[in-house]
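One structure below.
The values are calculated or read from the model by the stated rules, or taken from the named source; none is laboratory data. On a predicted model such as this, the values are computed, not experimentally measured, just so you know. Neighbour counts run over all protein chains shown; Cβ positions are idealised from the backbone, glycine included. Ligands, DNA and RNA are excluded from the accessible area calculation, which covers all protein heavy atoms including side chains. Shrake-Rupley method; radii C 1.70, N 1.55, O 1.52, S 1.80 Å.
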Amino acid sequence: MKTLLLPASDPGTPGIAAELIRAGKLVALPTETVYGLGADGLNEAAVAEIFRVKGRPQDNPLILHVTDMAQAERYCHSIPPAAYELAARFWPGPLTMVLPARDCVPRRTTAGLDTVAIRCPETAVTRQIISLAGVPIAAPSANLSGKPSCTTAGHVLHDHDGRIPAVVDGGPCRVGVESTIVDLTEGTPRLLRPGGVAPEALEAALGRLQVDRAVLGAIDGDAVVKAPGMKYRHYAPQGKVVIVLGSRQAAAKYIHARFGPGDRVLCFQEELPLYRDCLPLAYGREAEPETLSAGLFSALRELDSPQVKRIFARCPSWEGIGYAVANRLSKAAGFVTVDAEAEI
Ligand code: TXA
Ligand code: MG
């Protein structure tokens with residue numbers, strides 16, 4: 001199959017993409033977070049094709065993308081007032097809400113759960129495609145299962161050229177990490193995955209927020225978790241990722257003492273001069289954490305090669321957008337961290 005590359009700015013693109021979605025085909029779509037691998041979320045065969053192409057475990061549910069809360073109401077019931085407040089504050093934008101699913105949502109989409117994850121993306125062309133298609137679009141991150149997410153159309157082609165009918169090219173994703181997922185189906189709202197909406201902002205809007213344990217630590221493969229996706233190894237390049245905590249100087253000393261063939265350093269731009277002999281790759285500026293989220297997945301993809309055996313990574317503090325960056329890096333590292341201050 002030839003994969004069409006449809007520029008978002010081309011006036012014909014929304015119509016072509018919507019027609020493919022209506023026909024049950026897969027179209028990769030840009031969002032402000034990461035690219036999604038989209039299909040008609042109400043069409044079981046189309047949804048099955050997403051799982052097949054992505055190589056996704058069957059027990060990992062998909063997010064339905066909608067244009068607004070009115071459309072969300074068609075697929076969820078018992079929607080609490082908090083969901084309306086969050087939608088008013090953060091939609092369109094990088095927030096996904098888990099709500100009780102109506103029966104019209106195929107259990108293939110929700111992986112058998114009676115809840116469904118819903119979000120309204122910020123990217124205008126994608127909302128236009130959802131609206132023209134007239135169906136909610138189910139879309140996981142477009143990467144092959146287990147790999148770093150796609151933040152450019154080029155990343156999508158790298159994973160899927162010749163395997164899907166079309167990619168809409170909306171340029172690089174503004175946020176660069178996936179949406180924040182909050183579960184609103186139980187008493188206290190629960191953060192299932194940190195993302196583009198900072199947890200502090202979410203907590204301020206809700207008044208209270210529990211953090212799911214899968215966010216902060218490794219989860220046993222057999223464990224029952226609320227967001228099934230959180231238990232899989234994720235975002236991981238082929239080499240082993242080791243997060244090196246501590247001050248700039250301590251981390252540099254620790255890494256220099258161990259750096260060898262097959263090693264790379266993934267650091268902040270401010271730190272490049274410290275690693276001149278260690279093939280450093282900067283993913284953004286520590287002083288501007290939104291550049292770290294925007295650059296993280298591209299950098300992890302660049303380091304995803306059989307030649308790279310080990311990656312010493314520098315991680316921002318768990319606050320603001322840095323919280324999601326630290327979570328993704330920690331997952332890529334299997335939550336392996338070393339404290340340079342303690343180990344020197
Ligand atoms: O930013 C994003 O959210 C991107 C773009 C494309 O919208 N999508 C995305 O989808 O990250 P995916 O499939 O890679 O991650 C969705 C996560 C998974 O961890 C999944 O387990 C969880 O959402 N999820 C989906 N439905 C759920 C549900 N009903 N209950 C709990 N977790 C759910
Ligand atoms: Mg994903």
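Filtering region 100-150 to residues that are in contact with a strand residue (DSSP E or B) (Cβ under 6 Å, 6 or more places away or on another chain), closer than 16 Å to residue 17 by Cβ and among the hydroxyl-bearing types (Ser, Thr, Tyr) leaves only 126.
Could you figure out which of (1) crowded, with 17+ Cβ neighbours inside 10 Å; (2) outside any loop (DSSP other than H, G, I, E, B) isn't true of residue 185? The number of the failed condition is (2). Quick check: is even one residue across region 9-23 at negative phi, open to solvent by less than 10 Å² (accessible area, probe 1.4 Å), within 11 Å of ligand 1 (Cβ to nearest atom) and in contact with a strand residue (DSSP E or B) (Cβ under 9 Å, 6 or more places away or on another chain)? So far as region 9-23 goes, no, none of its residues is at negative phi, open to solvent by less than 10 Å² (accessible area, probe 1.4 Å), within 11 Å of ligand 1 (Cβ to nearest atom) and in contact with a strand residue (DSSP E or B) (Cβ under 9 Å, 6 or more places away or on another chain).
Are any residues in region 144-187 over 27 Å from residue 210 (Cβ atoms), within 11 Å of ligand 2 (Cβ to nearest atom) and either out of contact with any Phe, Trp or Tyr (no Cβ under 8 Å at 6 or more places or on another chain) or outside the structural domain of residue 109 (by TED's automatic domain parsing) (or both), and if so, which ones?
Within region 144-187, 144 is the sole residue that qualifies.
Only residues that are part of a loop (DSSP other than H, G, I, E, B), surrounded by fewer than 22 Cβ atoms within 10 Å (Cβ to Cβ) and not β-branched (Val, Ile, Thr) were counted across region 141-166, and they come to 7.
Residues in region 27-47 that are buried (at least 24 other Cβ atoms within 10 Å of the Cβ) and in contact with an Asp or Glu (Cβ under 6 Å, 6 or more places away or on another chain): 33, 34, 46. Restricting 260, 229 to those that are under 16 Å from the mean Cα position of the chain (by Cα) and either modelled with pLDDT of 85 or more or not in a loop (DSSP other than H, G, I, E, B) (or both) reduces the list to 229.
Answer yes if at least one residue in region 80-91 is within 13 Å of ligand 1 (Cβ to nearest atom) and assigned by TED's automatic domain parsing to the domain that holds residue 29, and no otherwise. Checked against the condition, which is being within 13 Å of ligand 1 (Cβ to nearest atom) and assigned by TED's automatic domain parsing to the domain that holds residue 29, region 80-91 yields at least one hit. Scanning region 116-144 for residues that are over 26 Å from residue 89 (Cα atoms) and near ligand 1 (Cβ under 9 Å from one of its atoms) returns 142, 143. Looking across region 105-120, the residues that are closer than 16 Å to residue 79 by Cα and either open to solvent by 10 Å² or more (accessible area, probe 1.4 Å) or in a strand (DSSP E or B) (or both) come down to 114, 115, 116, 117, 118, 119.
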